[in-house]
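Chemist: For reference, the structure I am asking about is given below.
Laboratory data are not the source of any read-out in this text; all were calculated from the coordinates shown. What you see is a predicted model, and the numbers here were worked out from it, not measured in a lab. Because the Cβ atoms are built from the backbone with ideal geometry, glycine has one as well, and the counts that use them run over all protein chains shown.
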Amino acid sequence: MNGALVIARRELAGLFKAPFAWILLLVVLFLNGIIFRAVLVQSGGNVSTALDAVMAGRFFWFWLLLLPPLLAMRLIAEETRTGTLEYLLTAPVSDASVVVGKFVAGLGYLTVMWSSSLIYAVAMMRAGGHPDWSAVLGTFFGTVLVSAVFVALGLFMGTLTGTPLLAAFLGVAACVVWMLLPYFGSRLAELVVPLIADSGEAVQRIRAQVDALLANMDAVRHFQRSFQRGILDTSELVFFASWSAFFLFLATRSLEARRWRG
Amino acid sequence: MIEVAHLTRRFGGVAAVDDLSFSLERGEVVGFLGPNGAGKTTTMRILTGYLPATRASVLRVAGHDVLRESLAVRRRIGYLPESVPLYPELRVGEMLRFQGRLHGLDRAALKARVPAVLDRVGVLDRERQLVGKLSRGLRQRVGLAVALLPNPDVLILDEPTSGLDPLQRREVRALIKGLAHEHTVLLSSHILGEVESIAERVIIVHRGRKLADGTQAELIEGLAGSLAGPLAGRAHVRFEAVVGDAEAAAALMRTLDGVARVEVGAKVGIHHAFRVEGEGDLREDLGALALTRGWAVRELSHVKPSLEELFMRLVQGDEVVVSSAGGNVSSRTGAARAAAPPKNGPSDELLQLGGGPALARPSAAPGTAAGPAVGRVIYSLNPFDRGAQRDLSKPVQVDGPLPPPSGSEQVGGGA
């Protein structure tokens, strides 16, 4: 995995040497700042509400859906386009190292981006407010974990195409689909369960079971249930970590498949 | 160093590489020659582990199996793809250090190796420059430096001079030539001159198949031996001069020792072109003859058969297979085809020379004004001839003593 670190290091250096990363950072900070201030004023100076708005609110999820795929498109699809992927894939590092290295770099960048919200909390504290530090840190940690899933998913989509823009689009779409998995699941259950159940009671029972199952798939609920409240629950950690690992695995396999496709 | 046997790679239904076998010894420099789409790049990508082979009975580089020990192979290969993939946002030094770290070099090794390699390719002064701002030629050098950094056993260079101007091309060629002593080099090109000047041994591929493999001399010899026909790669002397009666001059040339065949080409202006075949370099003999006869010589050159002719024949005809052993040439259908054109007729090459419309000539026919005596009169339309400053409508005197004519008298006498 030494190779992965070398690649992650180069990737981060590359990100911060290009204007792309700085512009993205600037835009996000600017808009986040506006939202934070607006919510702070609107809620009559409630620091926690304002912090929630930028770290877990609707806008935040919007960012979260948009940014990782945009970033991930740079990581692999862009390299396919410029041909440097050929260089990486003939370097003495495994495909997994390449994927993991890029994943670490992308996640590192997003961590820097989300850490800006911590500055608000610090600023508020200095201004005399009392932010709920466990919630703030928990939310930050959770944010990074959710980003990890999205970056991994974006990377996977990036390996499917050599067109960066298409990769970004696919990434956003895939992230939306992943977020809405419980919804799609329950829709599907609605259709399928009546076909396999033999009584109305059974339908209800199975639906309840399916719903319970699907509830476990709900990323937003996972996020809100623990991190946002300042609780570090290992089961939540495992949830996000295993999804990330799953998508990274798919990305690695897809990269390998590229070689066969030529 | 490189062993490949029965390598096949398919893309869909198309075989990009079809049953290719070859091997490279340590320290060999081999040129991989073929037109675009011949399967050169695919073969190289397979060797570097970028693409897997569809089928191969042996595929080893530096003693390691390419498929099973891919990482070990990749550690021993310096690969420069045709597109020279470098990260534009990095500086030259950073790019090299990245490559070094990927290859597991430590800080001390990097410190010693990076300047050494940059110096080697002649871009030491560019270490701080952004890769994205480099010119094409410098990029190529940096790419070469990147490939060289881990001091690989095998260098695989895909079209290392493509996209360069002639000067850069020559520099890069010289650079690669210099590397030949330390590394086993496999380089591809569709430009013959390049392969001819760098690589001793050449593998010609076309449509994924190996057409020829051997040293240049072997290939040329093999071809010349087996292929008759106007464009056969045979050494000959090109002789162009004002001779008066061409047929008579040719007959005279045939009497020279060692001359096997003389073909008379077309007439350009007042010059006749001849193609003289025979043993060795006949330039001196022809020169001496010209001097004795007083022919005004415009060209006297030894034309060695080039790899280019061989290449064109192989690629266009897709018919001749030259095996590596001793450069034997075996023809499948080609011999018959190649032999078809008239053997003794003027060659295509010579025909082309005389193909243009005849230039307007001065009213006086060449050679009419004088016999075989001193001060024969010749015309020249070539402004670089010694008669350039004269009035073209008047005959010119060629001074200097002429030896008494020998041989058939009518040659110098003109028609």
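Chemist: Name every residue in the stretch A:6-32 that is touching a residue at least 12 places away in the same chain (Cβ under 8 Å) and more than 16 Å from A:A72 (Cα to Cα), in order of residue number.
Modeler: A:V6, A:V28, A:L29, A:L31, A:N32
Chemist: Quick one: would you say A:S43 is more than 12 Å from every other protein chain (Cβ to nearest Cβ), among the hydroxyl-bearing types (S, T, Y), surrounded by 15 or more Cβ atoms within 10 Å (Cβ to Cβ) and over 23 Å from B:F98 (Cβ atoms)?
Modeler: Here the answer is no, as A:S43 does not meet what is asked.
Chemist: For the condition part of a strand (DSSP E or B), closer than 30 Å to B:E3 by Cβ, touching a residue at least 40 places away in the same chain (Cβ under 8 Å) and away from chain A (no Cβ under 13 Å), what is the one hit in B:L175, B:L186? Don't jump to the end; show me each part of the working.
Modeler: Numbers: B:L175 fails: part of a strand (DSSP E or B).
Within the list B:L175, B:L186, the selection yields B:L186.
Chemist: Inspect the stretch B:120-131 for any residue being within 14 Å of another protein chain (Cβ to nearest Cβ) and either within 14 Å of A:E86 (Cβ to Cβ) or not in a loop (DSSP other than H, G, I, E, B) (or both) and give the result as yes or no.
Modeler: Going residue by residue through the stretch B:120-131, those that are within 14 Å of another protein chain (Cβ to nearest Cβ) are B:128-131.
Going one step further and asking which of them are either within 14 Å of A:E86 (Cβ to Cβ) or not in a loop (DSSP other than H, G, I, E, B) (or both), we end up with B:130-131.
Yes, there is a match, as at least one residue in the stretch B:120-131 is within 14 Å of another protein chain (Cβ to nearest Cβ) and either within 14 Å of A:E86 (Cβ to Cβ) or not in a loop (DSSP other than H, G, I, E, B) (or both).
Chemist: Go through the stretch A:214-262 and give me each residue that's of a type in the set (D, E) and in contact (Cβ under 8 Å) with a residue 40 or more places away in the chain. So that I can check it myself, show each step before the final result.
Modeler: From the stretch A:214-262, those of a type in the set (D, E) are A:218, A:233, A:236, A:256; that's our starting set.
Those that are of a type in the set (D, E) and in contact (Cβ under 8 Å) with a residue 40 or more places away in the chain: A:E236, A:E256.
Chemist: Right, next: Of all the residues that make up the stretch A:185-212, how many are free of Cβ contacts under 8 Å to residues at least 12 places away in the same chain, part of a helix (DSSP H, G or I) and surrounded by 13 or more Cβ atoms within 10 Å (Cβ to Cβ)?
Modeler: Count: 4.
Chemist: Counting only residues that are in a helix (DSSP H, G or I) and among the charged types (D, E, K, R), which one in the stretch A:213-230 is farthest from A:V146 (Cα to Cα)? Step through it out loud before you land on a result.
Modeler: Initial filter on the stretch A:213-230 (in a helix (DSSP H, G or I)): A:213-215, A:219-225, A:227-229.
Adding the requirement that they be among the charged types (D, E, K, R) leaves A:221, A:225, A:229.
Values: A:R221: 12, A:R225: 14, A:R229: 15 Å.
Checking each candidate, the answer is A:R229.
Chemist: Within the stretch B:79-104, which residues are in contact (Cβ under 8 Å) with a residue 12 or more places away in the chain, of a type in the set (A, V, I, L, M, F, W, C) and either at the interface with chain A (Cβ under 7 Å from one of its Cβ atoms) or outside any helix (DSSP H, G or I) (or both)?
Modeler: Hits for the stretch B:79-104 are B:L80, B:V84, B:L86, B:L90.
Chemist: Also, I was wondering about something else. So which residues in the stretch A:82-96 are at the interface with another protein chain (Cβ under 7 Å from one of its Cβ atoms), without any contact (Cβ under 8 Å) to a residue 12 or more places away in the chain and on the phi < 0 side of the Ramachandran plot, if there are any at all?
Modeler: A:T82, A:T84, A:E86, A:Y87, A:T90, listed by residue number.
Chemist: Could you check the stretch A:58-81 and list, in sequence order, the residues that are over 23 Å from A:F246 (Cα atoms) and within 14 Å of another protein chain (Cβ to nearest Cβ)?
Modeler: The one that is over 23 Å from A:F246 (Cα atoms) and within 14 Å of another protein chain (Cβ to nearest Cβ): A:R81.
Chemist: Right, next: Given (1) free of Cβ contacts under 8 Å to residues at least 40 places away in the same chain; (2) assigned to a helix (DSSP H, G or I), where does A:G44 come up short, assuming only one miss?
Modeler: Only one criterion in (1) free of Cβ contacts under 8 Å to residues at least 40 places away in the same chain; (2) assigned to a helix (DSSP H, G or I) is unmet by A:G44, namely (2).
Chemist: Please verify whether A:L51 is at negative phi, touching a Pro at 6+ places or on another chain (Cβ under 7 Å), away from chain B (no Cβ under 14 Å) and in a helix (DSSP H, G or I), treating the condition exactly as stated. Show your work before the answer.
Modeler: Numbers: at negative phi: yes; touching a Pro at 6+ places or on another chain (Cβ under 7 Å): yes; away from chain B (no Cβ under 14 Å): yes; in a helix (DSSP H, G or I): yes.
The answer is yes for A:L51.
Chemist: Here is a list: B:A38, B:A53, B:A108, B:A5. Which entry is more than 26 Å from A:A257 (Cα to Cα), more than 10 Å from chain A (Cβ to nearest Cβ) and among the small types (G, A, S)? Step through it out loud before you land on a result.
Modeler: Numbers: B:A38 fails: more than 26 Å from A:A257 (Cα to Cα); B:A53 fails: more than 26 Å from A:A257 (Cα to Cα); B:A5 fails: more than 26 Å from A:A257 (Cα to Cα).
Of B:A38, B:A53, B:A108, B:A5, the one residue that is more than 26 Å from A:A257 (Cα to Cα), more than 10 Å from chain A (Cβ to nearest Cβ) and among the small types (G, A, S) is B:A108.
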